[in-house]
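**Student:** I have a structure here, written as structure tokens, and I will follow up with some questions on it.
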Amino acid sequence: QGSTSPSCAWEPGEEPSGAMASPSPTRNPTEVQMSQLVLPCHTNHRGELSTGQLLKWIDTAACLSAERHAGCPCVTASMDDIYFEHTISVGQVVNIKAKVNRAFNSSMEVGIQVSYEDLCSGKHCSICKAYATFVAQDPSGCKVRLKPLTPQTEEEKLEHSIAAERRRMRLVHKDTLKDLLIRSPRETELETRDGSAAVPAEKTRVESVELVLPPHANHQGNTFGGQIMAWMENVATIAASRLCHAHPTLQAIEMFHFRGPSQVGDRLVLKAIVNNSFKNSMEVGVCAEAYGQEMSVSRRHINSAFMTFVVLDQEGRPCSLPMVAPEPGEGERRYREASARKKIRLDRKYVVSCKQTEVPLSVPWDQSNKVYLSYNNVSALKTLIAKANWALAREKEKVRLYTLEEDKFLSFRIEVSVCIAADQAFSLLSDLRRRHEWDSHYASAELVQQVDDDDMIYHVVSQALSHENKPQDFVILASRRKPCSKGDPFVVAFRSVTLPTHPASASFTRGETLCSGFCIWPESEEMSKVAYYNQATPGFLNYVTTNVAGLSSNFCATFEACEKFLLKNKEHLIVQL
């Protein structure tokens with residue numbers, strides 16, 4: 001047993017110090033940090049960390065975070081797109097931070113940040129950011145209802161709010177691909193590059209089998225999702241190598257879902273084939289199926305994934321790749337779908353992954369990017385809502401005007417408490433065709449396209465400021481969101497888009513809005529706090545800086561008119577009911 005020296009003991013009730021100290025009170029209780037030294041056994045022939053090994057570490061850290069919140073075993077349900085920005089060399093340290101962003105009923109989103117650290121130079125560099133969905137299960141395998149997560153910091157509140165948008169995007173991911181395939185031509189055109197003939201896709205086909213052993217599984221006997229991803233990455237790399245006759249680098253993994261579990265003792269059959277190659281990249285499709293000892297039992301589809309590879313020269317520049325000749329039938333389908341996925345992937349990376357300052361004011365609108373523009377529209381407003389450091393600029397009766405100065409932007413928030421149910425205010429304020437009834441700046445608004453129940457495109461015409469000036473017009477995407485769970489606000493977000501049917505006209509000065517909209521919080525059954533946000537674009541700043549007093553008065557008067565509009569039409573709604 002031995003004795004305990006006074007220098008390393010502490011009394012009951014005392015907090016341990018040093019390396020044994022508890023996490024800071026402000027630290028997210030679900031946060032997990034993992035640091036791994038990259039050893040030769042973790043690397044490929046180039047001395048770089050195997051992406052499969054990195055995926056295992058990412059999945060492990062994310063699972064531990066999910067289980068901290070759930071208090072029970074969790075399994076990987078899906079992983080969003082992952083873009084790998086850099087490779088990691090032997091001797092460097094991989095730092096992974098994972099924490100639960102939001103808990104829904106029985107699933108939760110875990111955010112993962114991966115970076116590397118060079119111990120000799122002290123350099124730190126980001127590798128990737130990922131979002132994984134985990135499902136909590138009891139010992140019998142049934143789903144467990146999760147307790148809600150309360151975010152504490154500004155960053156956590158933002159991630160918590162936008163997690164609902166990312167969940168929405170995951171649910172419609174398959175529909176987005178189907179819509180694009182319906183509208184794209186069905187012909188499969190084959191080309192040649194550098195005078196070479198296309199390589200038959202069949203030559204890239206790989207099939208491999210793995211036996212699931214206890215080290216590959218969790219405490220319930222289910223195979224780790226990260227282990228399955230690592231095996232899939234292995235066969236995908238072999239398939240890509242067979243096309244290019246070189247050592248490819250994994251650049252991205254498409255969003256994917258686990259369709260079912262596999263257990264210790266299962267045999268996993270992994271199949272991979274190059275679906276399509278583009279000028280500097282190729283897509284490899286991978287499928288994982290499981291079966292038990294009895295071969296007569298039909299195989300269970302565990303997962304399908306799509307991985308994008310590039311081949312880099314000695315200077316790190318992407319090389320040109322040979323074309324792929326797909327097999328008739330299924331091969332041609334995969335070939336077409338790979339082209340559609342590339343289009344969707346570029347849209348998603350361009351619209352969703354860009355910083356707000358990098359997204360142009362007006363993004364071209366088409367059916368293939370509607371989900372991602374809607375996501376960007378709502379998440380940009382939620383990002384603005386979550387910001388701290390708003391300064392009270394004016395208060396007149398019940399109307400409060402706040403400002404927020406940041407780099408290139410000056411943002412406004414005007415809020416008032418109104419005696420109206422939140423859902424009624426949401427219904428009235430989300431229809432831009434009625435805005436001229438309370439906002440004197442609006443002359444008219446025409447509904448151009450009803451995208452779906454939650455997204456509409458309007459052509460808005462404003463009042464001319466003087467006889468010498470032409471009126472402004474806008475093409476605006478309006479995205480509405482009802483609360484995802486109790487405590488969430490109603491949200492109506494606006495941003496400019498470009499429509500071929502409504503080009504700029506000589507009769508108007510085309511205006512643009514980057515981020516604006518309403519946020520409506522229920523305060524009681526008959527009382528709501530209504531807030532309007534507007535992020536002023538650089539072209540608007542000169543006007544703002546010279547007209548602060550007049551502008552604030554104008555904003556308050558407009559919002560007072562908004563309050564009267566809501567109260568008046570609330571009575572009309574009650575009469576109609």
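The values are calculated or read from the model by the stated rules, or taken from the named source; none is laboratory data. Only a predicted model underlies this, so the values are computations on that prediction, with no experimental measurement involved. Reconstructed Cβ throughout: ideal geometry from the backbone, glycine too, with neighbour counts over all protein chains shown. Calculation scope for accessible area: heavy atoms of the full protein, side chains included, ligands and nucleic acids excluded. Shrake-Rupley method; radii C 1.70, N 1.55, O 1.52, S 1.80 Å.
**Student:** Give the aspartates and glutamates reachable from Lys99 as a straight Cα distance under 19 Å; neighbours fewer than 8 places away on the same chain don't count.
**Tutor:** Straight-line reach from Lys99, under 19 Å: Glu31, Asp59, Glu67, Asp80, Asp81, Glu109, Glu154, Glu155, Glu156, Glu159, Glu165.
**Student:** Under 15 Å from the Cβ of Ser50, count the other residues' Cβ atoms, weight Lys and Arg +1, Asp and Glu -1, and hand me the total. Write out the running numbers ahead of the final one.
**Tutor:** Values: positive: Arg46, Lys56; negative: Glu48, Asp59, Glu233.
Within the 15 Å Cβ shell, the charges total -1.
**Student:** Give me the distance between the Cα centres of the range 387-412 and the range 139-183, rounded to whole Å.
**Tutor:** Using only Cα atoms, the two centres lie 31 Å from each other.
**Student:** For the peptides 415-426, 122-133, what is the packing order when you average, over each peptide's residues, the other Cβ atoms within 10 Å and list the highest mean first? Don't skip to the end; give the middle numbers.
**Tutor:** On the way: 415-426: 19.6, 122-133: 16.7.
By packing density, highest mean first, the sequence is 415-426, 122-133.
**Student:** Give me the one-decimal nm value for the distance between modelled label points at Cys419 and Asn280, 7 Å along each residue's Cα-to-Cβ direction.
**Tutor:** Inter-label distance under the simple model: 6.4 nm.
**Student:** How much accessible area does Leu477 have with a 1.4 Å probe, in Å² rounded to the nearest 10?
**Tutor:** Its heavy atoms expose roughly 0 Å² to the probe.
**Student:** About the Cα centre, and with charges only on the beta carbon of Lys, Arg (+1) and Asp, Glu (-1), how big is the dipole of the range 195-356? Nearest 20 debye, please. Before the final figure, lay out the partial values.
**Tutor:** Values: 20 positive and 16 negative charges, 111 e Å.
So the magnitude is around 540 debye.
**Student:** Are there trypsin sites (Lys or Arg not before Pro) in the range 463-536 that DSSP marks as loop and that have at most 13 other Cβ atoms within 10 Å, and which are they? Mind dumping the intermediate values first?
**Tutor:** Working: sites: Arg480, Arg481, Lys486, Arg495, Arg510, Lys529; in loops: Lys486.
Hits after loop and neighbour filter: Lys486.
**Student:** Under a cut-off of 22 Å between alpha-carbon atoms, report the lysines in cross-link reach of Lys343, not counting same-chain residues fewer than 8 places apart.
**Tutor:** Partners within reach: Lys129, Lys174, Lys178, Lys279, Lys355, Lys370.
**Student:** Under a straight-distance cross-link criterion of Cα-Cα below 16 Å, which lysines are reachable from Lys396, leaving out those fewer than 8 residues away in the same chain?
**Tutor:** Lys529, Lys564
**Student:** Per residue, how much accessible surface does the range 60-155 expose to a 1.4 Å probe? Answer in Å², no decimals. Numbers along the way, then the final one.
**Tutor:** On the way: 4150 Å² over 96 residues.
For the range 60-155, the per-residue accessible area is 43 Å².
**Student:** Determine the relative contact order of the range 28-156: mean sequence separation of Cα pairs under 8 Å and six or more apart, normalised by residue count, in whole percent. Present the calculation step by step, with values, prior to reporting the outcome.
**Tutor:** Values: 276 pairs, mean separation 36.0, N = 129.
Answer for the range 28-156 is 28 percent.
**Student:** Another question about this same structure. Can you give the accessible area per residue of the range 359-569, in Å², using a 1.4 Å probe? Walk me through the numbers on the way to the answer.
**Tutor:** Numbers: 9490 Å² over 211 residues.
Accessible area per residue: 45 Å².
**Student:** Please state the charge dipole magnitude for the range 359-569, taken about the Cα centre, from unit charges on C-beta atoms (+1 on K and R, -1 on D and E), reported in debye and rounded to the nearest 20. Could you put the intermediate results ahead of the total?
**Tutor:** Working: 22 positive and 25 negative charges, 42 e Å.
Taking the Cα centre of the range 359-569 as origin, the dipole is about 200 debye.
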